[in-house]
Amino acid sequence: MVRDMQTNIRKIVNLETLAAGTNKRRIIQQAVFSELCNMLDPGKAAFIPKKGKPSVVMFVGLQGSGKTTTCTKYAYYHQRKGFKPSLVCADTFRAGAFDQLKQNATKAKIPFYGSYMESDPVKIAVEGLERFRKENSDLIIIDTSGRHKQEAALFEEMRQVAEATKPDLVIFVMDGSIGQAAFDQAQAFKQSAAVGAVIVTKMDGHAKGGGALSAVAATKSPVIFIGTGEHIDEFEVFDVKPFVSRLLGMGDLGGLMDKIQDVMPADQQPELLAKLAEGTFTLRLLYEQFQNLLKMGPIGQVFSMLPGFSSELMPKGHEKEGQAKIKRYMTIMDSMTDAELDSTNPKLMTESRVIRIARGSGRQVRDVMDMLEEYKRLAKMWSKMKGLKMPKNGKMSDLSQNLNIQQMTKALPPQVLKQMGGMGGLQALMKQMGGKDMSKMLSGMGMGGD
Ligand SMILES: Nc1nc2c(ncn2[C@@H]2O[C@H](COP(=O)(O)OP(=O)(O)OP(=O)(O)O)[C@@H](O)[C@H]2O)c(=O)[nH]1
């Protein structure tokens, strides 16, 4: 695969013929990017179930890949789209598999079928299928057994279940962290059942999911969803560009921007802009930004979309603390006077005021000082944005066109800039974002720094 990729890139990029002064690194990077996107596109789409038309979808994968969890997520996703899904547990190998499916299905109010007594997975699969066909389910999902490793017995079982149920689609579920092992694994499953799609799970962790490239190559089927957490709704339609961006450590800025755009009320945008242009970043403004940030949902998810951020500035597993910190800061600000909130003069915060605010908010003096430090850090960052040219309509979304790179590089903390690939990286990112707005991203980014 790597060799193919090299050949293809050589065809696209001819460095000798490039004019002097062209940014070669960028051109190569773009070629790698688009080549990876191509590799994830097997050229044919996966089977798509249709409402009202009975379809059977069978899930395969090794034990622990997240198969059972993903079955329910897949069912729930379609249920919300108006399907009548049902779940069949044909995993008789792992004790507890049926209970797990039962629990998940009950929570999501999805009909399920399985047995504690029957040990023949084929029999269960066929019985479940018959039952749900009678009940007019239009999406019958069959969860199958896994094994810790690839074993002949497992593949024989898959072959039999597939033969008996004739699924419209077989989905191979793989753990996003398995890397190159994905090729052999996917190929082995493909040989016993006609795998037609791939789902990559546990993309909420550190794994970048590079194994998906191998799975697509081995099965010649596309990735259709990714799992982004243990909960039933932590499931996303696969989107190739953000996935490759993340793979290359470029972050999913598009997704982040959309998210920020969603939570920031449009009528607040011109006001915030005006204040930023004046260079006045008050505590009240920070308070409003905190509110917006909390609305964005699990903070880790937001930060994981930024290049290199989740690990550096918001360590995995500490999202809750980050969120608690923001809430703590907001409580402290609730104990401040309007004058304090609207001032940009830190001298207002005398020692006696700090003590009073700490008492009023039930926090330590140290917490108040921490909050003020955070504020000062952000105010300093924002002050460099002073003199920003306002977009004519006052809309945030048009601001990025007016931001100049020099201004941005000054505003960003140096380690952040480095992570983004310096000035060149920043330029590429701005371009990638198109009309999307940068200032909100900056305000979001500042929050994570400790
Ligand atoms: N963080 C995270 N955890 C996940 C995700 N998908 C599944 N898991 C977890 O991974 C573990 C294994 O998932 P299961 O669904 O039990 O695995 P399985 O492949 O069905 O296992 P067998 O039924 O034994 O074959 C569980 O703890 C799940 O909660 C995901 O997208 N993100």
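What the table below lists for this structure:
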{"read-out": "Rel. contact order, % - alpha carbon contacts under 8 angstrom, at least six apart, the range 1-102", "value": "17"}
{"read-out": "Taking the convex hull of Cα positions in the range 1-48, its mean projected area over all directions (nm²)", "value": "4.2"}
{"read-out": "Summed residue charge, Cβ within 11 Å of ALA105's Cβ, Lys/Arg positive, Asp/Glu negative", "value": "+1"}
{"read-out": "Amide H within-cut-off set for SER55, under 5 Å, with H built and near neighbours excluded", "value": "LEU139, ILE140"}
{"read-out": "10 Å beta-carbon shell around ILE199, net charge (K/R +1, D/E -1)", "value": "+2"}
{"read-out": "Relative contact order (%) - the range 76-202, alpha-carbon pairs under 8 angstrom, separation at least six", "value": "25"}
{"read-out": "Added length on full extension, which subtracts the Cα-Cα distance from 0.36 nm per residue, THR280 to GLN30", "value": "86.1 nm"}
{"read-out": "DSSP beta bridges in the range 55-239 [antiparallel fraction, %, rounded to 5]", "value": "10"}
{"read-out": "Accessible-area order (highest first, 1.4 angstrom probe) of the listed residues ASP143, ASP239, ASP204", "value": "ASP239, ASP204, ASP143"}
{"read-out": "The range 88-102 - phi-based ³J(HN,Hα) in whole Hz, Karplus 6.51/-1.76/1.60, Gly and Pro as x", "value": "10, 9, 9, 9, 9, 7, 8, 4, x, 5, 5, 4, 5, 5, 4"}
{"read-out": "Length gained when the stretch LYS53-LEU18 is fully extended (0.36 nm per residue, less Cα-Cα span)", "value": "7.2 nm"}
{"read-out": "Exposure rank, largest accessible area first [GLU118, GLU135; 1.4 Å]", "value": "GLU135, GLU118"}
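The values are calculated or read from the model by the stated rules, or taken from the named source; none is laboratory data. From a predicted model like this one, the values you see are computed outputs, not experimental measurements. Here the Cβ is made from the backbone with ideal geometry for all residues, glycine too, and neighbour counts use every protein chain on show. For accessibility, only protein heavy atoms count, side chains too; no ligands or nucleic acids. Shrake-Rupley method; radii C 1.70, N 1.55, O 1.52, S 1.80 Å.
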